[in-house]
Structures are given as structure tokens and as C-alpha cells.
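Q: Dropping a structure here in C-alpha cells format, bear with me for questions.
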Amino acid sequence: MKIRVDRDACIGAGQCALVAGSIFDQDDDGLVVLLTDTPSDEFIAVARKAATLCPAKAIALEE
Amino acid sequence: MSSKGDCARRVEMISVEDPGLVIVGASLAGLTCAQSLRAEGYTKKITLIGAERHLPYNRPPLSKQVLAGKWQAAQTNIDSAEKFAELGLDFFIDEDAQELNIASKEVRTSKRTLAFEDLIIATGASVRRLPGTETMSRVHVLRTIDDALGLREALVGIKSAVVVGAGVLGSEVISALSEYGIHATVIDRMATPQLPLTGGHFASRVNDLFIEHGVITKYGVDIISVTEQETGITFDLSDGSKVSGEIAVVAIGCIPNVDFLANSGLDISNGVLCDSNGLAAPHIYAVGDVARWHNPVTGKSLRLENQTSAIEQGLAVGKFIATGESSPTTHPFFWSEIFGNKILMLGNLEADIPLTIVHGSPSDNRFVAATISNGVTTGIVGWNMPREFRQSRAMMEA
Ligand SMILES: Cc1cc2nc3c(=O)[nH]c(=O)nc-3n(C[C@H](O)[C@H](O)[C@H](O)COP(=O)(O)OP(=O)(O)OC[C@H]3O[C@@H](n4cnc5c(N)ncnc54)[C@H](O)[C@@H]3O)c2cc1C
Ligand code: SF4
């Protein structure tokens, strides 16, 4: 699975970093930073959770 | 559009008599329900109908990236058609529910009658119009992608506009106007601008931004009459003054879409009243802007009009239907961008409690502030400090 983030859409809510801190971080402006775009299997569920919870729908998962 | 190919195959696998689940309203809340149901293992048929002619899209960018001309319409789409197909839905756009009969478990739509075992109402809200201006072509509203594209086009070449409503949407529109160099006048019957969930604590900050950007403010006035001329629009106000612009944008809130529930017997005074699992009646649920959920922590039933509540309620109802498990109540979250300031809000700031500055400083225009009452944090606002805002969220969980 591959993760894509759209930093133009991101509003810095930080939901992603809250639920999946091993995959997502935020830069000084709060915008999402991907720590990895291909999470290992054990992190796929939290990556999916982050994508669903992102209020700006800025996270896409490609299976 | 429809994901018929996949659905036809799926439907064969389930018994013919099983009507499955119907979701009315194909936007963020309805779609999140469908995603959550499938993620939680719900295998029965799901029929999703939506009144709009578009695939589900995000509304927040309409008043931000789209109005500013930075995004094309397609960039607001929530997911691609392929992603919907993966959910195995019977998905129909341009079809609206017209009547609900709870006793017979049927919903009549513009195209047919659908039977259901469970029903999810996710019909959101419609924009409130200023009476008498409904047919005026120079008066705009902003709720749908078509509204946003129409307004963006109307901004080309104009120099002045009147915005009715100094709430968060009106404030976002005013900042977009200012980026286009359009001179704005704002009218509100309240005495100050309003941001949701903030207990009035930021009214003067927002007003300062208006003044700094040359916005003319008319607060605490009622509109007596509106007249459309060939070149503009004029408002007569209760203080005896008149204001005019080439166009007007009315942003005075929304009304929950409950017309089709009028004879259903449900409590639809200010949205569909639900318990803390989203149940409005046995087998009938409501989520998102149309729903007024009971909050067991505060004891109040509130209609929350924001993305995060729509998502969280959608997740909770999907899980509840699929597994019978309840989800914990969460705090409402909202964001906005006004004149380039990134504002994040969590919980509910109380008007009568002074702000505690948790990070940064208001004079630097970067801070996180909270209201804390008897040691309990009731709300947090981040002003141009997103990372510190996230760190401070732990205060609400304490
Ligand atoms: C311009 C704008 C900016 C916003 N900015 C923000 C923001 O920055 N942050 C934030 O958190 N929130 C923001 N919001 C609010 C957010 O968009 C809503 O909370 C969210 O869209 C709610 O989703 P929903 O699915 O409940 O309702 P809606 O998005 O209103 O969708 C309901 C859908 O149901 C359809 N429908 C209605 N009646 C029927 C019927 N009888 N039969 C079938 N279908 C029907 C409607 O056509 C609509 O497509 C903004 C809203 C707008 C308009
Ligand atoms: S949850 Fe979404 S909007 Fe928030 S920081 Fe992550 S990507 Fe950005």
C-alpha cells in the first residue's frame, strides 16, 4: 500500500499524527509530512484510520 | 454515475427479501457511514442516494481554495468513482428522498420506493436565503460546488460587494474578496463577528482583521429592504443608512434538510433528534449536519455543522449497525482560514471564562488559547500554531 498526501488540501488539523504518529508528522506550519509512504503491514490499519479521519480529505491510500 | 457492475454481482449473494440498508444523502456523512459499515464487516446491500448531480465533494475548499481560484472543481472530490465501486454500493446520484414511512419501512424517492431494514439520514443542510432575494441574480449564496463556481465567476471585474453575515463563512468570503482587491461591506444583526464554538472570544480579533483590510462594517442592524438595480444591489438598513455593492453574498447559516421527514413522526425541530448512538427511532439513524445528537457528557443535544462531526458520526453509526458497539463522544472540531490566519478550534470555549494562553502570544499573532473551568479544559483554539495546537489537545483528554 502506498500513501499520498495533498499538502495543498491539508489544514494542519493533526488528526493523522494523533492516530498514526509513526507515519505522519507536521512541519512548522502544521502541514502534514509523510515519514514513510509505504507503511509496513502492521501500520496499514492506522494509516486507513488517519485517511478516514482527516477532515480535509488530504490523505489517499493506493492499495 | 453508478457502480452497478460490482453491485449486481454482490446483490446476487444475498437473499432477495433482504432490503438491506438505505443511506439518504451522498456527501461526507453518508459516504463515511458506507465506508465504516464495510470496514466493520457489514456485508448486506447498501443503497446510497443523493440529490446532487455530482460525486461527493468536500465543501470546506469552496469558500477557500475554489473561491480564491487556486483549485479546479474536480480537486474537491472526496474519492474517485473506482473507490466507490470498491465499497460495493448501489449508488445513485440525482435522486432525492421525498417521504419516509417508518411503519412500512419504506422511503419514497423521486424515482421509486425503496424498502429498508435500516435507514441512515445524511441529508445535511441547505443554505438559508434572505427573504425576497431568492430570484435576484446579483445575490449569491455558498453551499454547493455550483454556487462556488457561479460566485467565482461573478467576482471577475467587480470592485465592490456586500456580504450579509459576519460568521465564519462570511469572514472567509470577505478574505477571498480582499485577495481579489474587491472592496467589501459586511452587514450583521449581531454586534460583532462570530466564530463557531469560541464563545465570542475572537470577535474583536476578527473585527480588527476586517478594519485592517478596509472592510466597512455594519453591525447590530437589520435589513429593511433589498433592491436590485442594473449595476448593483442596495440594502436599506434599520439605522437609516444604505449600503451598496455590485454583488451581494448572503452567508446567514443553514437549515437542516428534513422536509421529507415532515410526516414521519420523528422529532425534526432543528434537525433530526438522536441519542448518543445516532438513533432517531428503531432502525432509523441520522448523521452529519442534519443530525442533532445527544451528548451524554454535556447533557445537551446539539446540531454540529462541521466536517469532523460528520466523519465521526458516520464512523460511529457504521460501527454501531455492523457490530452493536457504541463509540465514545468526541469534541467538536472546526477550522477556518481568515486573511491568511489558520484557526483551529476544539471543544466549546465558554463565553464567561477568560482565555488562558497556553503557547505563544496574541501580540505575535501566534498562540494557543484555552478556557479552563475548575481544572477542566472546555475548549482550545490554535491561532497560526497548528503543531502546538495538536500537542495541546491532550489537555482536553485529561
Ligand atoms: C462553503 C463551506 C465551507 C465550509 N468550511 C468548513 C470548514 O472549514 N471546516 C469544517 O469543519 N466544516 C466546514 N463546512 C461544513 C461542512 O462542509 C459540513 O459540515 C459537511 O459538508 C456536512 O456533511 P453532511 O454529509 O452532513 O451534509 P452535506 O454536505 O450538506 O450533504 C448532504 C447531501 O444530502 C443531499 N440531500 C439533501 N436532501 C436530500 C434528499 N431528500 N434526498 C437525497 N439527498 C438529499 C444534499 O444534496 C447533499 O449532497 C463548510 C461548509 C460550506 C458550505
Ligand atoms: S489530518 Fe489531514 S488535514 Fe490534518 S494534518 Fe493530517 S493530512 Fe493535514
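Please treat every number below as a calculation from the coordinates, not as lab data. In this text the structure is predicted, and so the values were computed from the model without any measurement. A quick note on method: Cβ atoms are made from the backbone with ideal geometry, for glycine too, and the neighbour counts reach across all protein chains shown.
Q: So which residues in region B:121-139 are within 16 Å of ligand 1 (Cβ to nearest atom) and either within 23 Å of residue B:207 (Cα to Cα) or of a type in the set (Gly, Ala, Ser) (or both)?
A: Within region B:121-139, B:122, B:124, B:125, B:126 qualify.
Q: What's the number of the condition residue A:61 fails, among (1) more than 8 Å from chain B (Cβ to nearest Cβ); (2) part of a loop (DSSP other than H, G, I, E, B)?
A: Answer for residue A:61: the failing condition is (2).
Listed here are the residues, each with its yes/no results for (1) more than 9 Å from the chain's Cα centre (by Cα); (2) surrounded by fewer than 23 Cβ atoms within 10 Å (Cβ to Cβ).
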{"residue": "A:13", "(1), (2)": "yes, no"}
{"residue": "A:16", "(1), (2)": "no, no"}
{"residue": "A:36", "(1), (2)": "yes, yes"}
{"residue": "A:40", "(1), (2)": "yes, yes"}
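Q: Continuing with this model, one more query. I want to confirm something. Restricting to region B:322-338 and keeping residues that are touching a residue at least 12 places away in the same chain (Cβ under 8 Å) and in a loop (DSSP other than H, G, I, E, B), which single residue is surrounded by the most Cβ atoms within 10 Å (Cβ to Cβ)?
A: B:331
Q: Further, regarding this structure: Counting residues that are surrounded by 18 or more Cβ atoms within 10 Å (Cβ to Cβ), which strands (runs of 3 or more DSSP E) fully inside region B:172-262 reach at least 3? Can you show your working first?
A: Numbers: elements: B:183-188, B:216-219, B:223-228, B:233-237, B:242-245, B:247-250, B:254-256.
By residue number, B:183-188, B:247-250.
Q: Go through region B:34-120 and tell me which strands (runs of 3 or more DSSP E), entirely inside it, have 1 or more residues that are out of contact with any strand residue (DSSP E or B) (no Cβ under 7 Å at 6 or more places or on another chain).
A: Working: elements: B:46-50, B:90-93, B:97-101, B:106-109, B:113-115.
Here the list reads B:97-101.
Q: Quick check on region B:339-361: of everything there that is of a type in the set (A, V, I, L, M) and in a loop (DSSP other than H, G, I, E, B), which residue is farthest from residue B:213 (Cα to Cα)?
A: Residues of region B:339-361 that are of a type in the set (A, V, I, L, M), as a first pass: B:343-346, B:349, B:351, B:353, B:355, B:357-358.
So of that shortlist, the ones also in a loop (DSSP other than H, G, I, E, B) come out as B:349, B:351, B:353, B:355.
Details: B:349: 27, B:351: 27, B:353: 30, B:355: 26 Å.
Here the answer is B:353.
Q: Out of region A:5-34, which residues are farther than 16 Å from residue B:393 by Cβ, of a type in the set (A, V, I, L, M, F, W, C), within 11 Å of chain B (Cβ to nearest Cβ) and assigned to a loop (DSSP other than H, G, I, E, B)?
A: Result: A:9, A:10, A:31.
Q: If you scan region B:195-245, which residues turn out to be touching a residue at least 40 places away in the same chain (Cβ under 8 Å), under 14 Å from residue B:166 (Cα atoms) and in contact with a His (Cβ under 9 Å, 6 or more places away or on another chain)?
A: Matches in region B:195-245: B:195, B:215.
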